[in-house]
Amino acid sequence: MPDDAIPEAVADLIAESFSEPEADEVAAGNGDGEGGEGSENGDEAATGADEDRVVAAEERLDSLKTALLKAKQKLIDLDSDAEALAQKQEQELDALKTHWTGEKSALRLQVQEVRLTYKVTVQKLKDARKDQQKALKAEIKALEKQIPQAETALKLLSNRGKLELMLADDDLIGTLKERWTAAEVAKQLDYPIFMAVSERGGKDNSGDYKHLLDEDGSSLNSPTSPAGRSTRYRSGLGELRRAPADLADAAKIPDEQLCVAEAFVRFAQAQKLEFWGGE
C-alpha cells in the first residue's frame, strides 16, 4: 500500500504509534557517486534492505509456527504411546480369554496379573516421560507467546500491516475518532474575521482623545450640539466621508479612499452579513 493512499490523519497516528524497524546499515560503496548515481544506489540498497527484513521476518514467523506444530505433535505422541500400550493390554487380554481352556478361577488370576503388569509398565512410561511433557509444554507456551510478537514485527514492516494493527486497537481507533471530530469542529468554527488597522488613532499616547481641528487650529464643534458645548473627536475608525446610500456597493470604492468603518462595510457586504443594509 503506497504512502499517498493513506489519509494524513491516519498516517500521523501510525507514525506516532508504531516505530519504524531499524534499517540495516547500507554496505560501503553505496555512497555519493558521480552524476548523482550514489543517491540512486542508496535508494536501491535501502529498498533491498527493506525487502530483506520482510523476508527474514516471514522466515522467522514460519520457523516459529513449524516449531510449535512439532512440539504439539511430540506431546500428542507421548500421550499416544500410553494409549497404544493400554490398547495392547486389552488385545492381549481378549486373546487370553478366547484361548483359555483351564478353570475360570485361574483365568481371573491370570487376567489380574496381566493388568498389574501393564499398570506398572504404563506408570513407568508416564514417569519416564513426565519431564519430556513438562519441557514440551513449556516450549509450546513460549512459542505461543513469540508467534504474535513475530506477526506484529512482520506487520510493522508494511503500511498494510500497520493499518491492521491500528484497526485491531480500540484505543487507537478512539484516538482517531477524537481527532476527526476535533477537525470537523474546527472546520465549522473556521469563518472569516475582519481585521484592520487605522492609520490615525483616536487617542494620543496619554490616552486622551484627539480633537478635530479646523483650518485655524480650533476644535470643531459637534453639529448635533449647541456651539461651544461639545467638541468633535478624531475616531480610531476614521471619518466616514460617504452617506449610507454611497456605500450600497462598497466594493467599487478604491482601497486608498477607504477608512476603517467603510472597509468593514465592504467586508460585511462581501460576506453577506444580515445586519448590513445598503439603505
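What the table shows:
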quantity: So LYS97, is it of a type outside the set (Ser, Thr, Tyr) and under 60 Å from the mean Cα position of the chain (by Cα); calculated: no
quantity: Residue count, region 170-196 (criterion: without any contact (Cβ under 8 Å) to a residue 60 or more places away in the chain and either at positive phi or open to solvent by 50 Å² or more (accessible area, probe 1.4 Å) (or both)); calculated: 16
quantity: Selection within region 47-100 - farther than 28 Å from ILE140 by Cβ, modelled with pLDDT under 80 and of a type in the set (S, T, N, Q); calculated: THR47, GLN89
quantity: Selection within region 97-139 - more than 25 Å from SER80 (Cβ to Cβ) and open to solvent by 70 Å² or more (accessible area, probe 1.4 Å); calculated: LYS97, THR98, HIS99, TRP100, THR101, GLU103, LYS104, ARG108, LEU109, GLN112, GLU113
quantity: Residue check for PRO223: assigned to a loop (DSSP other than H, G, I, E, B), at pLDDT 65 or above and either open to solvent by 60 Å² or more (accessible area, probe 1.4 Å) or within 30 Å of PHE18 (Cβ to Cβ) (or both); calculated: no
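The values are calculated or read from the model by the stated rules, or taken from the named source; none is laboratory data. What you are looking at is a predicted structure, and each value in this text was computed from that prediction instead of being measured. All Cβ positions, even for glycine, are placed from backbone atoms using ideal geometry, and neighbour counts span all protein chains on display. SASA here: full protein model, heavy atoms, side chains in, ligands and nucleic acids out. Shrake-Rupley method; radii C 1.70, N 1.55, O 1.52, S 1.80 Å.
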